[in-house]
There are 2 protein chains.
Amino acid sequence: MKVQSIESHAQVEMTLEGVRGVKMRMLIGPDDGAHNFHMRHFEVAPAGNTPHHSHDYEHEVLVLKGTGVVVSDQGERSFEAGDVIFISANERHQIMNRSGEPLEFVCLIPAPRDS
Amino acid sequence: MKVQSIESHAQVEMTLEGVRGVKMRMLIGPDDGAHNFHMRHFEVAPAGNTPHHSHDYEHEVLVLKGTGVVVSDQGERSFEAGDVIFISANERHQIMNRSGEPLEFVCLIPAPRDS
């Protein structure tokens, strides 16, 4: 059993192409013995964004703080703290923070096959 | 893509043996096309608890509101909003709300093999 605050997890700046102002924490991952799916925490600075991309796995997102906009093949939707977002596998998507405050959410993905 | 508030999801009283004062919402599940893992929301009333049980799959938990206690084979740990809890497969566990306020958390599990 692990019980640990979000803040006590190491936070790293994301350097993937197309990412701006995004920091990540691995909350539950391979080091915890999580072999099926992983929980990550993201903080997106004002004017920041995740990459506009697609991949063969889904996202399960819970918004913790702030507001944002998610763009997908289905158009643009705004969201706020307390919202749940599901993005299907292979759906092109991007999350943007157009507000003046930090945006925080957790995003869960299936464990990569090599983890 | 789905974007929907936690509160807009149907909430049902849990009736499993050993459960007291627990309501559940399926936030992301089979109806959304989630085939790998599911996000559920739980609200535990004061003096309520989940069952003291074990199963062959893990729990990935994020605490949203309130405080609680989790008991496992490794002992008892208290937790609060903003904490992350990982319970391994086959680890016997129970979550209790000993406070006077509702406890809310999300708990993710691998998709049952028949979903």
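The values are calculated or read from the model by the stated rules, or taken from the named source; none is laboratory data. Values in this document were obtained by computation on a predicted structure and should not be read as measured data. Cβ coordinates were reconstructed from backbone atoms using ideal geometry, including for glycine residues, and neighbour counts include every protein chain displayed.
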Selection within the range A:6-23 - within 14 Å of chain B (Cβ to nearest Cβ) and either assigned to a loop (DSSP other than H, G, I, E, B) or polar (S, T, N, Q) (or both):
A:Ser8, A:His9, A:Ala10, A:Gln11
Of the residues in the range B:20-56 that are among the aliphatic types (A, V, I, L, M) and buried (at least 17 other Cβ atoms within 10 Å of the Cβ), the one that is farthest from B:Gly100 (Cα to Cα) is B:Ala34
Residue under evaluation B:Ser54, criteria (1) under 24 Å from A:Tyr57 (Cα atoms); (2) more than 8 Å from chain A (Cβ to nearest Cβ), criterion not met:
(1)
Determine which single condition B:Asp83 fails, assuming it passes every other condition in (1) out of contact with any helix residue (DSSP H, G or I) (no Cβ under 7 Å at 6 or more places or on another chain); (2) within 10 Å of chain A (Cβ to nearest Cβ); (3) surrounded by fewer than 20 Cβ atoms within 10 Å (Cβ to Cβ).
(3)
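Any chance the range A:59-68 includes a residue that's surrounded by fewer than 17 Cβ atoms within 10 Å (Cβ to Cβ) and in contact (Cβ under 8 Å) with a residue 24 or more places away in the chain?
From the range A:59-68, those surrounded by fewer than 17 Cβ atoms within 10 Å (Cβ to Cβ) are A:65, A:67; that's our starting set.
Going one step further and asking which of them are in contact (Cβ under 8 Å) with a residue 24 or more places away in the chain, we end up with A:65, A:67.
Within the range A:59-68 (the criterion being surrounded by fewer than 17 Cβ atoms within 10 Å (Cβ to Cβ) and in contact (Cβ under 8 Å) with a residue 24 or more places away in the chain), the answer is yes, since at least one residue qualifies.
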Only one residue in A:Met39, A:Met26 is modelled with pLDDT of 95 or more, at the interface with chain B (Cβ under 8 Å from one of its Cβ atoms) and part of a strand (DSSP E or B), so which one is that?
A:Met39
Being part of a strand (DSSP E or B), facing chain B (nearest Cβ under 8 Å) and either in contact with a Lys or Arg (Cβ under 7 Å, 6 or more places away or on another chain) or of a type outside the set (D, E, K, R) (or both) is the filter here, so list the residues in the range A:65-77 that pass it.
A:Val70, A:Ser72
